[in-house]
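This report concerns only the one structure given below.
The values are calculated or read from the model by the stated rules, or taken from the named source; none is laboratory data. Nothing here was measured: the structure is a model prediction, and the numbers come from that model. Cβ: placed from backbone, ideal geometry, glycine included. Neighbour counts: every protein chain shown. Surface areas here come from the heavy atoms of the whole protein model, side chains and all, with no ligands, DNA or RNA. Shrake-Rupley method; radii C 1.70, N 1.55, O 1.52, S 1.80 Å.
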Amino acid sequence: MTETYVIVGGGQAGAVAAASLRTFGFGGRILFVGAESHLPYERPPLSKEVLTKPETARLTIHPDSFYAGNAIETRFGTAAVTLDAEAHTLELANGETVRYDRLLLATGARARPYPLLDHLGAGVHTVRTLDDSEALRGHIWPGRRVLVVGGGVIGLEVAASVVTMGATVTVIERGDRLMARAAPAPLADDLRALHEGRGVAFAFGCELVEAVKATDGTITLAAADGRRFTGDLVVYGVGVELNVELAVSAGLHVEDGIVVDEHGRTSHPAIFAAGDVARQWHPHLNGYRRYETWANAQNQGACVARAMVTGEPCGFEVLWYWTDQYGINIQVAGSCEADDWLLRGNRDGGRYTLFGVTAGVVTGAVTVNNGRDMRPARALIAAGAAADAARLTDAGTPLRAPAAKAA
């Protein structure tokens, strides 16, 4: 009897997994289910090209013909509503019930609500989906005053985009610096200077306590310390909520994500998970990790699909992400919490690399307009290489990945 593998979640991890099942030799039925009506698309352009250059933005991961050509059935625009793990059945919003042999949950995440702002209705935006981004684009034009709440990657990318579109921006951040969870302090300082050089204003240590919209649509936000901010619209990015409802209802182990082993298998042997929603066991780290990055969705979607077909475990991948702001490419890998940061290049010149060092070992890296350093830097992190400060900081000495250990 032909086996049926079902993928739930029409994002990066799901699209890569669907293709990878065929690549790794699965010849049975594949059904790919996604709640959004769009073909699966890349999310990184949503806060950048989709806003600033929609006519040239390239989003779709695979064309529609790809799925038909690889005998992958699709149900885009159809949510999965009920999962019965013991019966191996999935019920869709269109009333269809599907029986599966193996199931992959790649359900991702949604923007975390902000009730204080959400109650205002029109004029308040998030940027998590293509529809979100297109809706925001229609409200940006020169002279508009935009209040961005949240100084993380999304907030800064949106700030850079809308400034480029001619708007004025104030970034309101609850913490005392930018990107506290995702960037080391030296990079955060440089990003602040970069944005301030383009006219962006920052307000740190702001605990918002009031949000009011006037009859003309103007929005005023008030902080606990009395500061007030007025704009024409608000964009906020304050984290995500994981789409774990199906997993919870099916009785799977969920703890800051769907808990999976090194194969991507959940607490039920026929159900797997990948992408933002999966908290995977990494033997190299001796712990569980969940990452919300494009690279993780791409890599995990492929390796979990392979595990479903071949039984091979996922390999270790050093955490890595990138962000583009004002045409400047920034890449971050490994841990942002190092004892010390070594500089290679010239920060004032806008092209440099930082190496994070903890207990004499390379544990993190940042490149600014210097992406050629990232591959060897990630290899150094993966190898737990000793930090040779003289070599790492000498821009004239080529970076090399550590030699492979003899078997």
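Residues in region 12-47 that are part of a loop (DSSP other than H, G, I, E, B) and either open to solvent by 20 Å² or more (accessible area, probe 1.4 Å) or in contact with a helix residue (DSSP H, G or I) (Cβ under 8 Å, 6 or more places away or on another chain) (or both): how many?
First, the residues of region 12-47 that are part of a loop (DSSP other than H, G, I, E, B): 24-28, 35-40, 42-43.
Applying the additional criterion that residues be either open to solvent by 20 Å² or more (accessible area, probe 1.4 Å) or in contact with a helix residue (DSSP H, G or I) (Cβ under 8 Å, 6 or more places away or on another chain) (or both) yields 24-27, 35-40, 42-43.
Total satisfying the criteria: 12.
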Legend entry - Residues (surrounded by 14 or more Cβ atoms within 10 Å (Cβ to Cβ), charged (D, E, K, R) and not in a strand (DSSP E or B)) located in region 48-81: LYS48, GLU49
Inset, instruction - Determine, yes or no, whether ASP225 is among the acidic types (Asp, Glu), more than 30 Å from GLU86 (Cβ to Cβ), in contact with an Asp or Glu (Cβ under 8 Å, 6 or more places away or on another chain) and free of Cβ contacts under 8 Å to residues at least 24 places away in the same chain. - result: yes
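Condition first: under 21 Å from the mean Cα position of the chain (by Cα) and charged (D, E, K, R). Now tell me which residues in region 117-131 satisfy that.
Kept after step one, since they are under 21 Å from the mean Cα position of the chain (by Cα), are these residues of region 117-131: 125-131.
Within region 117-131, ARG128, ASP131 meet the criteria.
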Inset, instruction - Kindly establish whether VAL248 is free of Cβ contacts under 8 Å to residues at least 24 places away in the same chain and open to solvent by 10 Å² or more (accessible area, probe 1.4 Å). - result: yes
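Quick check on my filter: what residues within region 283-303 are part of a loop (DSSP other than H, G, I, E, B), within 16 Å of ALA13 (Cα to Cα) and not aromatic (Phe, Trp, Tyr)?
Step one: list which residues in region 283-303 are part of a loop (DSSP other than H, G, I, E, B), which gives 283-286, 290-293.
Cutting the leftovers down to within 16 Å of ALA13 (Cα to Cα) gives us 290-293.
ARG290, GLU292, THR293, listed by residue number.
Residue-by-condition table, conditions (1) on the phi > 0 side of the Ramachandran plot; (2) assigned to a helix (DSSP H, G or I); (3) of a type outside the set (A, V, I, L, M):
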position: VAL146; (1), (2), (3): no, no, no
position: ALA159; (1), (2), (3): no, yes, no
position: VAL162; (1), (2), (3): no, yes, no
position: ARG174; (1), (2), (3): no, no, yes
position: ALA188; (1), (2), (3): no, yes, no
position: ASP216; (1), (2), (3): no, no, yes
position: THR220; (1), (2), (3): no, no, yes
position: VAL234; (1), (2), (3): no, no, no
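Output the residue which, of all residues in region 84-95 that are open to solvent by 50 Å² or more (accessible area, probe 1.4 Å) and not in a strand (DSSP E or B), is farthest from ALA15 (Cα to Cα). Show your work before the answer.
Start the filter on region 84-95 by keeping residues that are open to solvent by 50 Å² or more (accessible area, probe 1.4 Å), which leaves 84, 86, 91, 93-95.
Still in the list and also not in a strand (DSSP E or B): 86, 93-95.
Numbers: GLU86: 26, ALA93: 20, ASN94: 21, GLY95: 23 Å.
The extreme case among them is GLU86.
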Inset, instruction - Sort out which residues of region 351-379 are closer than 17 Å to ALA295 by Cβ and not basic (Lys, Arg), and write them in order of number. - result: GLY364, ALA365, VAL366, THR367, GLY371, ASP373, MET374, PRO376, ALA377, ALA379
Inset, instruction - State whether one or more residues within region 203-214 are over 20 Å from VAL127 (Cα atoms), part of a loop (DSSP other than H, G, I, E, B), touching a Phe, Trp or Tyr at 6+ places or on another chain (Cβ under 7 Å) and modelled with pLDDT of 95 or more. - result: no
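Which of the following residues is crowded, with 19+ Cβ neighbours inside 10 Å, within 24 Å of ALA333 (Cα to Cα) and of a type in the set (Gly, Ala, Ser): ALA182, ALA159? Working first, answer last.
On the way: ALA182 fails: crowded, with 19+ Cβ neighbours inside 10 Å.
Just a single option satisfies the conditions, and that option is ALA159.
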Legend entry - Flag if GLY345 is under 15 Å from ALA383 (Cβ atoms) and in contact (Cβ under 8 Å) with a residue 24 or more places away in the chain: no
Inset, instruction - For residues that are surrounded by fewer than 16 Cβ atoms within 10 Å (Cβ to Cβ), acidic (Asp, Glu) and under 22 Å from SER37 (Cβ atoms), tally how many sit in region 117-154. - result: 2
Inset, instruction - Pairs only if they're at least six apart or on different chains, beta carbon under 6 angstrom, first in region 261-275 and open to solvent by less than 20 Å² (accessible area, probe 1.4 Å) and at pLDDT 95 or above, second aromatic (Phe, Trp, Tyr) and not in a loop (DSSP other than H, G, I, E, B); list them, first residue then second. - result: GLY264/PHE272
Legend entry - Selection from region 93-144 of residues that are touching a Phe, Trp or Tyr at 6+ places or on another chain (Cβ under 7 Å) and not hydrophobic (A, V, I, L, M, F, W, C): TYR100, ASP101, ARG102, TYR114, THR126
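Of all residues in region 102-113, count the ones that are in a loop (DSSP other than H, G, I, E, B) and open to solvent by 50 Å² or more (accessible area, probe 1.4 Å). Write out each step before concluding.
Of region 102-113, the ones in a loop (DSSP other than H, G, I, E, B) are 106-108, 112-113.
Applying the additional criterion that residues be open to solvent by 50 Å² or more (accessible area, probe 1.4 Å) yields 112-113.
The qualifying residues number 2.
Every residue, every condition in (1) of a type in the set (Asp, Glu); (2) modelled with pLDDT of 95 or more; (3) closer than 23 Å to ALA305 by Cβ, yes or no:
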position: PRO54; (1), (2), (3): no, no, no
position: ALA57; (1), (2), (3): no, no, no
position: ASP64; (1), (2), (3): yes, no, yes
position: TYR67; (1), (2), (3): no, yes, yes
position: GLU73; (1), (2), (3): yes, yes, yes
position: ALA80; (1), (2), (3): no, yes, yes
position: HIS88; (1), (2), (3): no, yes, yes
position: GLY95; (1), (2), (3): no, yes, no
position: TYR100; (1), (2), (3): no, yes, yes
Inset, instruction - Within region 376-387, identify whether any single residue is open to solvent by 50 Å² or more (accessible area, probe 1.4 Å) and within 15 Å of GLN331 (Cα to Cα), and answer yes or no. - result: yes
Inset, instruction - Hey, can you tell me all the residues within region 195-208 that are surrounded by fewer than 12 Cβ atoms within 10 Å (Cβ to Cβ), touching a residue at least 24 places away in the same chain (Cβ under 8 Å) and on the phi < 0 side of the Ramachandran plot? - result: GLU207
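So which strands (runs of 3 or more DSSP E) are wholly in region 304-366 and hold at least 1 residues that are in contact with a strand residue (DSSP E or B) (Cβ under 6 Å, 6 or more places away or on another chain), open to solvent by less than 20 Å² (accessible area, probe 1.4 Å) and within 12 Å of ALA387 (Cα to Cα)? Even if it seems obvious, please write down each step before you answer.
Numbers: elements: 320-325, 328-334, 340-346, 351-358.
The strands (runs of 3 or more DSSP E) meeting that bar are 351-358.
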